[in-house]
Amino acid sequence: MATTVRLVREGVGIELRRGTFAVEIDGDRVGTIDRHGATEFTVTPGHHTLMLRAGRYTSRPVVLDSREGEVVSLRCHGTMAWPRWLASAFRPDLAIAVVRE
């Protein structure tokens, strides 16, 4: 049996970093997610790393340690506050946030 990774793109307020985000699991591109979208991916149980990417901008790596049959729910959004948006020009890994639900 596999593990399901459920990803929802929803934030509170105005998203300053817009566009489609590429979803990478263990360095392999597995799909995309649009604004106000949701998607699911199936992975083998165990240790995985998820990152989102939009051009040169990325999220910080999210480590997923999952068990068989588990559903891992994550929420993501682009930068929503202008100081963080400005900082992401110098630190691209601040541009996209991913949190566990």
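Quick one: what pairs do we get from the range 82-101, first residue in a strand (DSSP E or B), second of a type in the set (S, T, N, Q), C-beta under 8 Å, 6+ apart or different chains?
Listed by first residue and then by second, the contacts come to Ile96/Thr58; Ile96/Ser59; Ile96/Thr79; Ala97/Ser59; Ala97/Thr79; Val98/Ser59; Arg100/Ser73.
Is one or more of the residues making up the range 72-87 modelled with pLDDT under 95, in contact with a Leu (Cβ under 6 Å, 6 or more places away or on another chain) and either loosely packed, with under 11 Cβ neighbours inside 10 Å or among the polar types (S, T, N, Q) (or both)?
yes
Please go through the range 28-54 and pick out each residue that is touching a residue at least 24 places away in the same chain (Cβ under 8 Å) and under 14 Å from Val8 (Cα atoms).
Selection gives Ile33, Asp34, Arg35, His36, Gly37, Ala38, Thr39, Glu40, Phe41, Leu50, Met51, Leu52.
Considering only residues that are of a type in the set (Lys, Arg) and under 23 Å from Ala87 (Cβ atoms), look in the range 28-65 and name the one that is surrounded by the fewest Cβ atoms within 10 Å (Cβ to Cβ).
Residue satisfying both the conditions and the ranking: Arg56.
The values are calculated or read from the model by the stated rules, or taken from the named source; none is laboratory data. What you see is a predicted model; the values in this text were computed from it and never measured. Note: ideal-geometry Cβ built from the backbone for every residue, glycine included; neighbour counts use all protein chains shown.
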